[in-house]
There are 2 protein chains.
Amino acid sequence: MDKLKLKALYADLKPELDIVETELAQVVLSDSALLTDAALHLLQAGGKRIRPVFVLLSAKFGDFTIERIKHVAVPVELIHMASLVHDDVIDDADTRRGRPTVKAEWNNRMAMYAGDFLFSKAIASLSHIDNSYAHELLSDTMVELCLGEIEQVEDKRSYDLSVKDYLKRIRRKTALLISVSCELGALAASVPDKQRVHLRNFGYYVGMSFQIVDDILDIVSTDESLGKPAGSDLLLGNITLPVVLAREEPGVCRLIEKVRLGDTSESTRKELLQELRSSEGLAKAKRISNLYLEKAMEELKSLPKSSAKRSLQNIALFMSKRKF
Amino acid sequence: MDKLKLKALYADLKPELDIVETELAQVVLSDSALLTDAALHLLQAGGKRIRPVFVLLSAKFGDFTIERIKHVAVPVELIHMASLVHDDVIDDADTRRGRPTVKAEWNNRMAMYAGDFLFSKAIASLSHIDNSYAHELLSDTMVELCLGEIEQVEDKRSYDLSVKDYLKRIRRKTALLISVSCELGALAASVPDKQRVHLRNFGYYVGMSFQIVDDILDIVSTDESLGKPAGSDLLLGNITLPVVLAREEPGVCRLIEKVRLGDTSESTRKELLQELRSSEGLAKAKRISNLYLEKAMEELKSLPKSSAKRSLQNIALFMSKRKF
């Protein structure tokens with residue numbers, strides 16, 4: 001399984017990651033049993049903890065003290081979790097006769113406040129770090145995350161989305177938080193400024209590559225490995241890079257037009273996927289994700305050789321080369 | 001109108017409040033037209049800006065520089081606004097202060113992201129202040145606000161709510177943010193520690209008194225002055241202090257039981273209001289709000305005489321003595 005393979009790449013971080021995990025579990029305790037349940041449930045759902053991993057590995061280039069570093073590793077993971085929770089709050093889902101069912105209403109309330117709680121706890125955890133630049137970084141990233149989410153809502157069903165707007169959106173939605181994970185790790189470990197900037201840029205390029213790969217996988221993966229029908233994001237009106245780059249190709253163009261007019265049938269989905277999979281646009285998208293990966297690797301070049309550097313390279317390679 | 005009378009009490013702060021207002025309008029700009037619209041809409045809906053007023057007046061006891069103080073005045077107002085926006089998602093509220101809510105005009109999702117955006121901008125604004133204690137204060141307050149909201153959901157229709165649980169809830173929901181407004185103002189202006197603690201306590205007691213008064217007004221006001229039917233909070237299952245203190249009285253008890261069993265008719269609402277208005281519980285609630293007001297005034301005693309002190313006294317008096 002992918003996740004296990006990925007975890008093997010940072011197996012030597014296990015003791016430090018365990019400390020981060022313990023801190024995460026501590027931080028989400030509260031005197032509301034309901035909220036503690038909800039938060040622990042989210043934590044136990046796992047996730048790859050890839051952002052804390054980037055924090056830890058970046059910090060390894062400086063003065064690494066886990067008791068200090070954990071206060072930047074925990075906030076980035078909490079913000080990631082909070083944004084996932086808020087993404088799951090769906091306005092119209094589970095309604096009956098135009099009114100939310102008790103269960104849906106309850107879940108939405110809890111999801112919203114649980115997200116707010118995690119956001120707040122992220123800031124609270126970071127306040128152990130006496131560095132206003134760190135707060136600026138994290139809060140700016142939260143702002144950009146929100147903007148990314150709003151753009152995604154606004155861009156829905158924008159079948160004429162430009163490459164530039166797509167890149168801007170994934171920068172906000174994905175790349176910035178990974179970039180900031182690297183930078184905060186470096187900052188908390190007093191990594192020299194020049195190296196810190198390389199680590200920040202590395203995180204940014206990896207994040208871009210990673211999100212493009214994710215969007216490619218939504219098209220080329222089997223339904224089973226995705227856990228949902230391939231192309232379902234597209235049918236919901238989420239326009240991604242492969243589609244942007246392939247939409248002028250006749251076969252794709254014709255089917256996109258059908259979807260745009262409301263045909264989201266099984267047969268149309270399958271036809272569209274087939275066209276996209278063999279499209280030139282998809283190949284172009286792969287090349288672009290590779291370009292970002294190369295840029296990420298380039299940033300690491302001037303950093304001193306170390307096992308942390310090797311891990312960063314391996315993770316970047318792994319995340320950007322998941323089997324298409 | 002109440003709001004005008006209140007504003008007259010801090011008329012001499014107008015130049016500084018204008019700077020805060022300009023900063024608020026600046027801070028909520030973003031390159032999402034939709035979000036900027038939503039945020040400006042919220043700002044223009046007004047509000048008393050009572051939290052920034054507490055920040056400014058508390059800062060007057062120290063080294064007052066508006067260019068520094070505004071970076072704590074803006075965050076507390078943004079957090080207040082963010083929590084209102086998120087409350088509207090929950091409450092299915094279509095109007096607030098007589099204007100349509102963001103939720104009604106856009107949708108749940110926009111309201112949620114707008115709230116997240118305002119939270120994030122609050123932290124971003126505070127990061128101009130290089131003081132990790134300030135970040136700790138604000139993030140802890142955000143955590144408590146969330147817990148308060150969750151408690152309010154959990155306590156809904158808990159007709160046996162205890163006085164202690166009621167007080168705990170309003171402490172989180174209202175008093176803490178006002179307390180922190182005072183403390184952050186004092187902190188940013190380097191007010192001596194002892195005075196800062198008095199200002200913090202003052203804010204806390206005023207906030208408690210203020211919320212109890214608000215809950216009393218929901219029962220004793222006319223529908224017109226409230227802008228909604230009096231007692232409607234109660235019919236929705238929000239149990240407040242007057243009800244907690246009056247529920248053993250036979251007339252109230254009988255009608256609460258009717259509501260509890262689902263009778264939310266006009267006639268029951270009116271009967272219940274009449275019983276509550278003449279109840280001993282209501283009189284007790286008034287006495288408790290007065291006790292908090294006295295405690296607030298007590299905290300101010302040792303502070304040096306100044307126009308800021310007089311303003312704090314007048315505002316506290318006004319907020320706690322709104323006509324019942």
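Tabulated results
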quantity: Those helices (runs of 4 or more DSSP H) lying entirely in segment B:232-324 with at least 2 residues more than 24 Å from the chain's Cα centre (by Cα) and over 23 Å from B:LYS168 (Cα atoms); calculated: B:250-260, B:266-277
quantity: Total residues in segment A:279-292, condition within 15 Å of A:GLN211 (Cβ to Cβ) and open to solvent by less than 10 Å² (accessible area, probe 1.4 Å); calculated: 2
quantity: Cross-chain or 6+ apart pairs with Cβ under 7 Å, segment B:251-266 first and within 24 Å of B:GLU280 (Cβ to Cβ), then in a loop (DSSP other than H, G, I, E, B) and at pLDDT below 90; calculated: B:ILE256/B:TYR159; B:ARG260/B:TYR159
quantity: Yes/no for B:LEU118 being under 20 Å from the mean Cα position of the chain (by Cα), more than 10 Å from chain A (Cβ to nearest Cβ) and either modelled with pLDDT of 95 or more or buried (at least 24 other Cβ atoms within 10 Å of the Cβ) (or both); calculated: no
quantity: Sole residue being of a type in the set (Ser, Thr, Tyr) and in a helix (DSSP H, G or I), chosen from A:SER139, A:SER158; calculated: A:SER139
quantity: Test: residue in segment A:232-247 that is at negative phi, basic (Lys, Arg) and in contact with a Phe, Trp or Tyr (Cβ under 9 Å, 6 or more places away or on another chain); calculated: yes
quantity: So A:GLU299, is it farther than 14 Å from A:LEU235 by Cβ and either touching a helix residue (DSSP H, G or I) at 6+ places or on another chain (Cβ under 8 Å) or surrounded by 13 or more Cβ atoms within 10 Å (Cβ to Cβ) (or both); calculated: yes
quantity: Residue check, A:SER127 among the hydroxyl-bearing types (Ser, Thr, Tyr), within 13 Å of another protein chain (Cβ to nearest Cβ) and without any contact (Cβ under 8 Å) to a residue 60 or more places away in the chain; calculated: yes
quantity: Within segment A:189-231, considering residues that are among the β-branched types (Val, Ile, Thr) and not in a helix (DSSP H, G or I), the one least open to solvent (accessible area, probe 1.4 Å); calculated: A:VAL191
quantity: Residue selected from segment B:17-60 under the condition touching a residue at least 40 places away in the same chain (Cβ under 8 Å) and hydroxyl-bearing (Ser, Thr, Tyr), by the criterion least open to solvent (accessible area, probe 1.4 Å); calculated: B:SER58
quantity: Lone unmet requirement of (1) of a type outside the set (S, T, N, Q); (2) open to solvent by less than 40 Å² (accessible area, probe 1.4 Å); (3) touching a residue at least 40 places away in the same chain (Cβ under 8 Å) for A:PRO304; calculated: (2)
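Every residue, every condition in (1) in a helix (DSSP H, G or I); (2) within 13 Å of another protein chain (Cβ to nearest Cβ); (3) modelled with pLDDT of 95 or more, yes or no:
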{"site": "B:ARG51", "(1), (2), (3)": "yes, no, yes"}
{"site": "B:VAL55", "(1), (2), (3)": "yes, no, yes"}
{"site": "B:GLY62", "(1), (2), (3)": "no, no, yes"}
{"site": "B:ILE69", "(1), (2), (3)": "yes, no, yes"}
{"site": "B:PRO75", "(1), (2), (3)": "yes, yes, yes"}
{"site": "B:ASP87", "(1), (2), (3)": "yes, yes, no"}
{"site": "B:ILE90", "(1), (2), (3)": "yes, yes, no"}
{"site": "B:TYR133", "(1), (2), (3)": "yes, yes, no"}
{"site": "B:GLU151", "(1), (2), (3)": "yes, yes, no"}
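The values are calculated or read from the model by the stated rules, or taken from the named source; none is laboratory data. All values derive from a computational prediction rather than experimental measurement. Backbone-built Cβ (ideal geometry, glycine too); neighbour counts: all protein chains shown. With ligands, DNA and RNA removed, areas are computed over all heavy atoms of the protein, side chains included. Shrake-Rupley method; radii C 1.70, N 1.55, O 1.52, S 1.80 Å.
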